[in-house]
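Below: the structure, in structure tokens.
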Amino acid sequence: MDLKEKVGHIIKDRRKKLGMEQTDLQDYAQVGSTTLSKLEMGKLNITIDNLEKITEVLGLELTLKVKEKI
């Protein structure tokens, strides 16, 4: 599973856990239906701006972590 698929899976799982439909998340995060659909399928290189909007609505936090060994 690549990073796009992992992110899409997390977004979809969280949305469902909160009892939200895709249309609800689209409205709250102000993103298009194609954007959200492709994101959840792991087929979209989403912008950081849109990812931030979506994660904010879902109560998720974006973090970057330095690897122990490169």
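Read-outs: derived from the displayed coordinates by stated rules, not from any lab. These figures come from a predicted structure and were not determined experimentally.
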*Quick one: angle between helix 48-58 and the longest Cα principal axis of the chain, in degrees between 0 and 90, rounded to 10, please.*
70
*asked:* Give the lysines reachable from residue 38 as a straight Cα distance under 20 Å; neighbours fewer than 8 places away on the same chain don't count.
replied: 4, 6, 12, 16, 17, 53
*Along region 31-42, what does the Karplus equation 6.51 cos²θ - 1.76 cosθ + 1.60 (θ = phi - 60°) give for ³J(HN,Hα), rounded to whole Hz, x for Gly and Pro?*
10, x, 5, 5, 4, 5, 4, 5, 4, 5, 8, x
*So what's the back-of-envelope 222 nm ellipticity for the chain, counting only DSSP H runs of four-plus at -39500 (n - 2.57) apiece and dividing by all residues, rounded to 500?*
-18000 deg cm²/dmol
*the chain - Rg over Rh from alpha carbon coordinates, Kirkwood radius*: 0.99
_Degrees, to the nearest 10: 3-17 long Cα axis against longest axis of the chain_ = 40
